[in-house]
Structure formats: structure tokens, C-alpha cells
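Derivation of every value follows stated rules applied to the coordinates shown; laboratory data play no part. Everything numeric here is computed off the predicted structure, so don't read it as measured data. We place every Cβ from the backbone using ideal geometry, glycine too, and count neighbours over all the protein chains shown.
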Amino acid sequence: MHLGRTTLSKFLIQQLPGASDLGALLVDVAAAVKAISAMTAKGALGGYLGEQGAKNAQGEAQQKLDVLAHEVMIRSCEWGGLLAGMASEELEEPYALPAEYVRGRYLLVFDPLDGSSNIDVNVSVGTIFSVLRHDQDAAPCATDYLQPGQRQVAAGYAIYGPATMLVISVGKGTHGFTLDREIGNFILTHPDLQIPADSSEFAINSSNARFWEPPVHRYVTECQAGKSGIRSRDFNMRWIASLVAEVHRILMRGGVFMYPKDTRDRSKPGRLRLLYEANPVSMLVEQAGGRASTGSQRLLELNPEALHQRVPLILGSRHEVERIERYHAEFLSGADRPFISPLFNERSLFRPEALT
């Protein structure tokens, strides 16, 4: 009945002939994803909805499923002898493996339940993860996790929607697997995903518009002008408030996602966490032919400075991201003055110099 279909395990054996440990680790991650998927599918029937009553390492209110998903990932991956350590959005410091477990050569960093604010309204949420190398014999410390995204050996996310999908990359393209609940296996359904270079769809939280930098205002204003503006075509705007759902839509049909730097809190240059949110999704997007940026540089080249460091993130269809990067460069050089909105002119309280 299911003969001839490529399972995740078979796919990883083919993709990683000389790195069976990495393949085995990704199978452990997939096992955790299946368990989290079952919990999210039960929702209120399982008693999983609502807040836990505590806050995570970033001071954010934890949902019950945040904590449960974190525990599932830890328990699924800690014992196999494949990992040297783990780091999670829910923990201030890295998780040290119990002494009785054999230590491996990889580090796993993850957001156990991205978009958890959507749980109670039954909107898609997900799990994001990144795998890094750890080639030292000593147990890892926090600084060992501070590797630029271009050093990831694997990355992926699970999305818990009408179907549960696992999207991964081991540096050889981006591939999507759908969970077949009848047999309990992830089946390759979306091989070699490719993001169109051009798009007429963008995603941004417009409630933050008053805090955006002028280059972002310029880009969004042009999109909103549609056929009557310089882009000469209409754009659609989307916003789900779930990074996994936003990236998944872009991988499926193109578009650009923006969570840019803003002036709301100058101590936080961005809102998304670099190591376990921005880096893994950026790897997936680049492996699918897209582009990921902070607005001023390629995101995967950023050198992390802290475990929970936040960064701005702009990713998706390559030509759209390149246009936004060009607008940032023109803003910094002063070449964009004819394009700046009157709200940001030289006489305004909101002139560009005041925002840098």
C-alpha cells in the first residue's frame, strides 16, 4: 500500500552516506515532533491549552504546550549518544546532558513551540531547530553554541497545521515531509523546494509601522501603492504571528517576510532569536534559492554574541529581499532622500537621522 514512497529515514541514508550520526539525530528530532504533533492535535481535549503560570528565559509567559514540547524534545534527544548538549528558548543556559549518557559531536538548539500565542485560537504553530558541530572532548559551554548560521550542519522546522510537516535541510536543498498518521512515518512529499525569485506578497506586522526604519517604510509604501505606484503591480499583505507558518507559506509559494529592526526598544535591535529561530529558517530559505538578511547583511554571516540574542530578519524571494537591502544601503548613504516619506523629511521630528 505504501511501497515506493521515500520515508525520512531512507532519505537521510541517501543524503548522508558518511554521516549516519547526523541522520540518527534528525530521526530523534522527528520522533519528538510526532509526540508534539499529537499533543497539539488534542488541544483542549488533552488539557494542554492555557498558560503555565511561569515565564521563560526571555521573560515571556509560558504556555503549557511550551513546557511540554520542551520536555519532549529534551527526552527524545538526550540519551542517544549523538549530542554534546542542547539549548532551548525555554532555558536561560544550555542544557547539560546527564552524566550517565554518552556524549556525541553535535549541539542542538531549538524553539520547542514557535507561535505559541496562537495555540488557544487553533492557528498553526511549529518547532524550529538547528544542529551545530562540537568537535571537542570537553563538555560544551555557552560560548560553544555561538556559531554563525553558515556553520549549521542541519536545520529544520515542523509545522502543526491541518497536516503535520517536517521541513529540513542538511545543506543539499530544502525538502518537505508529511506525517502519515496511519503508518507513523514522515514521507517525502515536497522534494527540492524552490522559492520564486519574484513575488507580489509580503508579511509584516503593520501595528509596528511607527517604529520602522525609513527603508522599510519606503518598501511597504511602494507595495501598498500597487499598480498605481512604481512597482506597477498589486501586492497582498499577510501576517500570522507565527514564524514557522510565515516561512512555510514562503517556501510553498514565495513572498517576503519582514520582522525588521525598529526603534521601539533600542536595547533590542530585533525581535527574533538568532540561534534557534533566524539561523535555521534562513538556512532553509537559502537552500531553497531565497535570501535572508538583517537588512544590511546576510544573516547567516552574523557572529552570535549571546545565546538568546535577538536580530532583525528579512527573508524570502531573492529579488524582493535584495531590493530591501538596496533601500537600506541607499538610506545609509543618503541616496534615498527623494524617496523618503514626508513624515521623515529633514524638518520632521522623525527625520532619518533621529532613527539611526
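Would you look at the GNM of the chain, springs on alpha carbons closer than 10 Å, and say which of Pro17, Pro191, Pro214 moves the most? For the chain, modelled as a Gaussian network with Cα springs under 10 Å, the answer is Pro17. With a/c under 1.5 counting as rounded, go ahead and sort the stretch 201-355 into rounded, prolate or oblate using the C-alpha gyration tensor (a ≥ b ≥ c being the square roots of the eigenvalues; past the cut-off, prolate if a/b is larger than b/c, else oblate). Verdict is oblate for the stretch 201-355. From helices alone, the chain scores -8500 deg cm²/dmol at 222 nm; the rule is -39500 (n - 2.57) for each run of n ≥ 4 DSSP H residues, then divide by the residue total. Cα-based radius of gyration for the stretch 8-190, normalised by 2.2 N^0.38 Å, reads 1.01. Using Cα springs under 10 Å in a Gaussian network model of the chain, which residue among Val123, Val256, Val281 shows the largest mean-square fluctuation? Comparing Val123, Val256, Val281 in the GNM, the peak value goes to Val123. Counting only aspartates and glutamates at least 8 places from Lys172 when in the same chain, those with an alpha carbon closer than 13 Å to its own are Asp192, Glu286. Extending 7 Å from the Cα toward the beta-carbon at both Trp79 and Ala142 defines two label points whose distance is 3.0 nm. Based on every Cα atom in the chain, Rg and the maximum pairwise Cα distance Dmax equal 20.7, 71 Å. With both labels modelled 7 Å from their Cα along Cα-to-Cβ, the Arg5 to Gln194 distance reads 2.6 nm. Each peptide among 204-212, 43-51, 192-200 gets the average number of other Cβ atoms lying within 10 Å of its residues, and from highest to lowest they stand as 192-200, 204-212, 43-51. Under 5 Å from the amide H of Leu272 lie the amide H atoms of Val311, each residue being 5 or more positions distant or on a separate chain, with H modelled from the backbone and absent for Pro and chain starts.
Legend: helices of the chain (whole DSSP H runs) are marked when their alpha-carbon atoms reach 18 angstrom or more along the helix axis and their mean Kyte-Doolittle hydropathy is at least -0.5; marked are 20-42, 64-77. Cβ-to-Cβ counts within 10 Å put Glu246, Glu325 in ascending order as Glu325, Glu246, the fewest first.
Taking other Cβ atoms within 10 Å as a rough exposure proxy, Glu92, Glu305 sort from fewest to most as Glu305, Glu92.
When Val311, Val125, Val27 are sorted by how many other C-beta atoms sit within 10 angstrom of their C-beta, beginning with the fewest, the order is Val27, Val311, Val125.
The relative contact order of the stretch 201-355, computed from alpha carbon pairs under 8 Å that lie at least 6 residues apart in sequence, is 25 percent. Under 9 Å from the Cβ of Phe186, count the other residues' Cβ atoms, weight Lys and Arg +1, Asp and Glu -1, and hand me the total. Value of the local net charge: 0.
For a straight C-alpha distance cut-off of 20 angstrom, the lysines reachable from Lys42 (same-chain residues fewer than eight places away being disregarded) are Lys34, Lys64.
Once both labels are positioned 7 Å from their Cα atoms along Cα-to-Cβ, the gap between Thr263 and Ala44 label points is 4.4 nm.
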